[in-house]
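Peer 1: Before I ask anything, let me first share the structure, which is written out below as structure tokens.
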Amino acid sequence: MRPAGATYMHLVIQGTVLADDDLRQLAQLAGAQRIERLGPGACRLIGAQRRPGIAEYCARARLDFGFIPEQRRLADLGLLAIDMDSTLITIECIDEIADMAGVKAEVSAITAAAMSGEIDYAESLRLRVGLLQGLDEGALARVYDERLRLSPGAETMLAAMQRAGVKTLLVSGGFSFFTERLKTRLRLDYSISNVLDIEGGRLTGRVIGDIVDAQAKAAKLRAVRDELGLATARVVAIGDGANDLAMMAEAGVSIAYRAKAVARGKADYALDHAGLDGVLNLFAGTSALPEN
């Protein structure tokens, strides 16, 4: 019988491949009372306990894990905020634009430093955009058409969120050329990003208006959350770098996706192996244990 007032946890395990032997060993480690398969690469351990060895086992087996309350439901969410570059999509758009300008190595190095929190994001963006001065604007369309790909599971995750009535916000320190196209394509509700300055069909090396940095991302999330009248607990934010931390701190649940160490260490959950559809399993608090 469940003790009065007790709340059981589910331990969600996810990966590219999830072997039965790994499941059995993890269930034993966690003292779980039941195993439920959620798909070929995911399962839920019912009645699990936080015990030593689980994180280490999952790291060795290249598995993601997360303890979730049994009562958590996707329908309880009201807003999903997600970063664009290297999160919703697999590339850093500015790095690919820079490739067409012949300065990818220089720009990528600055991008990596900014995402790891080594240099200020706004300053990094000015430096990177400055290196693109004179590039034909047609390079933007080429990046979108030829190189931009959605991260695995992105469409599945978004479709499920939208069916559940969850509003969607795309937040990016990247560029509106890409966010606006993705917003239309994926039927997203809100977006925020930087606007590249273009004159005579060529990039000027500047952005128009204030730079969308970490604080601007967080402010946009707060504004949308307040507009919708949502409690913080009903918001989830997904990001991958240092400039997502302020936004993630404004959400009830934060998820680091394929993230830099600085973001992974601050997030409630990390998805290093599962696709973005793995987010859904973190909000699948079903199959509670019987009362007796």
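Peer 1: Run lengths n ≥ 4 of DSSP H only: what is the helix-derived mean residue ellipticity at 222 nm for the chain, with -39500 (n - 2.57) per run over all residues, to the nearest 500?
Peer 2: -10500 deg cm²/dmol
Peer 1: To test your reading of the geometry: what angle, between 0 and 90 degrees and rounded to tens, separates the Cα axis of helix 154-163 from the longest principal axis of the chain?
Peer 2: The angle comes out near 70 degrees.
Peer 1: Relative to the longest principal Cα axis of the chain, at what angle does helix 104-115 sit, 0 to 90 degrees, rounded to 10?
Peer 2: Between helix and principal axis, roughly 50 degrees.
Peer 1: Another question, then. Quote to one decimal, in nm, the extra length available between residue 147 and residue 159 on full extension: 0.36 nm per residue of separation minus the C-alpha distance between them.
Peer 2: Residue separation times 0.36 nm, minus the Cα-Cα distance, leaves 2.0 nm.
Peer 1: Then there is this: Compute for the range 170-242: radius of gyration divided by Kirkwood radius, i.e. Rg/Rh, restricted to C-alpha atoms, rounded to two decimals.
Peer 2: Over the Cα atoms of the range 170-242, Rg/Rh equals 1.02.
Peer 1: Same structure again: With an 8 Å Cα cut-off and a minimum separation of 6 or more residues, compute the relative contact order for the range 123-194 in percent.
Peer 2: Taking the mean separation of contacting Cα pairs over the length of the range 123-194, I get 25 percent.
Peer 1: How do 213, 85 rank when sorted from fewest to most other Cβ atoms within 10 Å of their own Cβ?
Peer 2: 213, 85
Peer 1: Given the chain, what percent of its DSSP beta bridges are antiparallel, to the nearest 5?
Peer 2: For the chain, the DSSP antiparallel bridge percentage is about 55.
Peer 1: Just want to confirm a number: the relative contact order over the range 9-70, from Cα pairs under 8 angstrom separated by 6+ residues, in percent.
Peer 2: Relative contact order here is 48 percent.
Peer 1: Taking neighbour Cβ counts within 10 Å as the exposure measure, how do 44, 264 sort from fewest upward?
Peer 2: 264, 44
Peer 1: Quick check for me: using +1 on Lys/Arg Cβ and -1 on Asp/Glu Cβ, what's the dipole size of the range 79-281 about its Cα centre, in debye to the nearest 20?
Peer 2: 540
Taken together, the values in this text are just the output of simple stated rules run on the coordinates, not laboratory data. Bear in mind the structure is a predicted one, so any value in this text is a computation, not a measurement. Don't worry about glycine lacking a Cβ; one is built from the backbone with ideal geometry, like all the others, and counts go over all protein chains shown.
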